[in-house]
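Structure record follows, encoded as structure tokens.
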Amino acid sequence: MKTLIRPVFVLFILMTVITGVVYPVVVTGLGRAAFAAQANGSLIEKNGKPVGSELIGQQFDAPYYFWGRLSATSPMPYNAQSSGGSNLGPTNPALADEIKGRLDALKAAGNDMSQPVPVDLVTSSGSGLDPQISPAAAAYQAARVAKARSLPFDQVANLIAANTSGRQFGIFGEARVNVLKLNLALDDLKPMH
């Protein structure tokens, strides 16, 4: 029994150093060397200060900004510590109330309610953190944002087109617009805060 204690202890220390120190340091170093932006959180900076991440949505509710998907996280929206969907089924009255509330907010902000509202503007995402909306959702809000900022509609539409990303590798997913990047581009044109 005593002859086994020393090799077991040495193996334990060795594996702890390899898996607890060496491996994380090597993987982190490789990640930072090959994918520096992603390894550091895909941060978006303005004037040298981080204002958000490309990967996590933010709450925008002023009429002069584009709005993202609803967040079902709690206790506050876009809380990465409690990422997850609402788990509200299509027959749940709470889902209907959530959708009605968002439709009322869109109407109050000055959106044209005679047009069909894109589904991603009235439903929350599976993660509750989606930073992107569909080009249709951005186009739906363009008239409101242009009016609120006193900008020509065509200028806002061109900004949406410039901030639209296509499918990943040309085949995966759908076209999308990063809401934070689009709103920062709007602020570069005409700040409203």
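Only the coordinates and a few stated rules stand behind these numbers; no lab work does. If you're wondering where the values come from, they're calculated on a predicted model, not measured in any experiment. All Cβ positions, even for glycine, are placed from backbone atoms using ideal geometry, and neighbour counts span all protein chains on display.
Between Val27 and Phe172, the C-beta separation translates, for a Förster distance of 41 Å, into a calculated FRET efficiency of about 0.95. Against the chain, whose longest principal axis comes from its Cα atoms, helix 93-109 is set at around 60 degrees. Orientation-averaged projection of region 1-40 equals 2.8 nm² [convex hull of Cα atoms, one quarter of hull surface area]. Kindly express, to the nearest 10 degrees and within the range 0 to 90, the angle between helix 179-189's C-alpha long axis and the longest C-alpha principal axis of the chain. Value to nearest ten degrees: 60.
Quick one: net charge around Gln155, please, counting Lys, Arg +1 and Asp, Glu -1 for every other residue with C-beta under 15 Å from its C-beta. Intermediate values should be presented prior to the final figure.
On the way: positive: Arg144, Lys147, Arg149, Lys190; negative: Asp154, Asp187, Asp188.
Once all neighbours under 15 Å are counted, the net charge is +1.
Annotation: peptides 151-159, 134-142, ranked by per-residue average of other Cβ atoms within 10 Å with the highest first, follow the order 134-142, 151-159. So for the pair Lys147, Leu11, with labels modelled 7 Å out along Cα→Cβ, what separation do we get in nm? Those two pseudo-labels are separated by 7.3 nm.
Using Cβ counts within 10 Å as a stand-in for footprinting exposure, how do Ile160, Ile44 rank, fewest first?
Values: Ile160 20, Ile44 17.
Ascending number of Cβ neighbours within 10 Å: Ile44, Ile160.
Okay, helix-only estimate at 222 nm for the chain: each DSSP H run of n ≥ 4 adds -39500 (n - 2.57), divide by all residues, round to 500 deg cm²/dmol; what do you get? All intermediate terms of the calculation are to be shown ahead of the outcome.
Numbers: 7 runs with 85 residues, N = 193.
Helices in the chain give a 222 nm mean residue ellipticity of -13500 deg cm²/dmol.
Would you work out if region 83-181 is rounded, prolate or oblate? Take a ≥ b ≥ c from the square roots of the eigenvalues of the alpha-carbon gyration tensor; rounded if a/c is under 1.5, else prolate when a/b is larger than b/c, oblate otherwise. Walk me through the numbers before you get to the answer.
On the way: a/c = 2.39, a/b = 1.20, b/c = 1.99.
Here region 83-181 falls in the oblate category.
Computed from Cα positions, the angle between helix 2-17 and the longest principal axis of the chain comes to roughly 30 degrees.
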